[in-house]
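Structure first, commentary second.
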Amino acid sequence: MLERTYDAEVCSVARALEVVGERWTLLIVRDAFHGVRRFEDFQRRLGLARNVLTDRLQRLCALGVFERVRYQERPGRHEYRLTDMGRDLWPVIIALRAWGDRHMAPAGPPVRLEHRGCGGRVEQQVVCADCGEPLRARDSEILPGPGAPPSPPAIPVGAGAAG
């Protein structure tokens with residue numbers, strides 16, 4: 001978790017980092033996309049201390065990223081399933097994987113992700129919602145959205161011009 005809260009900040013990135021910005025959080029979400037649902041399986045795959053994993057899963061459930069579902073009555077056992085909010089993190093995981101493959105894997109990607117339907121490579125792209133053109137940062141501009149305050153904070157000169 002971040003040391004400071006960004007609740008009052010007008011920045012969806014900062015607010016999202018309040019939920020997923022801690023290292024173990026996205027690794028838990030990644031493993032959930034790989035089919036892991038049970039506490040013991042998360043712990044075994046991640047090598048995470050029980051108390052830390054318990055804390056992260058409870059927080060992710062409270063925030064709506066996971067739901068805790070009982071799968072056995074006696075003894076009571078639960079599994080953790082991604083909610084719609086959690087499943088919306090799929091493109092984030094794909095983008096981070098691609099970045100890691102490109103910049104942090106000198107021997108090449110440790111795994112490949114393929115489309116089950118055709119065998120093609122899975123990748124994340126940023127495209128224009130209207131024309132479908134692939135975009136780089138410099139191809140976009142930052143404008144106030146419907147959630148902006150009446151007088152939005154100044155946007156730095158050159159914002160959206162990187163890349």
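Just so it is clear, none of the values below were taken in a lab; they were calculated from the coordinates. Given the structure is predicted, the values throughout are model-derived calculations rather than measurements. So basically every Cβ, Gly included, is an ideal-geometry build from the backbone, and we count neighbours across all protein chains shown.
General remarks:
- Amide H to amide H distances under 5 Å link Phe66 with Cys61, Thr83, where only residues 5 or more positions off or on other chains count and H is placed in the peptide plane.
- Residue-averaged 222 nm ellipticity for the chain, from DSSP H runs of 4+ at -39500 (n - 2.57), nearest 500: -10500 deg cm²/dmol
- Take 30-40, 45-55 and order them by the average number of nearby Cβ atoms within 10 Å per residue, most first; the result is 30-40, 45-55.
- Overall form of the chain per C-alpha gyration tensor (a/c, 1.5; a/b vs b/c): oblate
- Prolate/oblate/rounded label for region 57-101 (Cα gyration tensor, a/c 1.5): prolate
- The overall shape of region 1-88 is prolate: from the C-alpha gyration tensor, with semi-axes ordered a ≥ b ≥ c, the ratio a/c is 1.5 or greater and a/b exceeds b/c.
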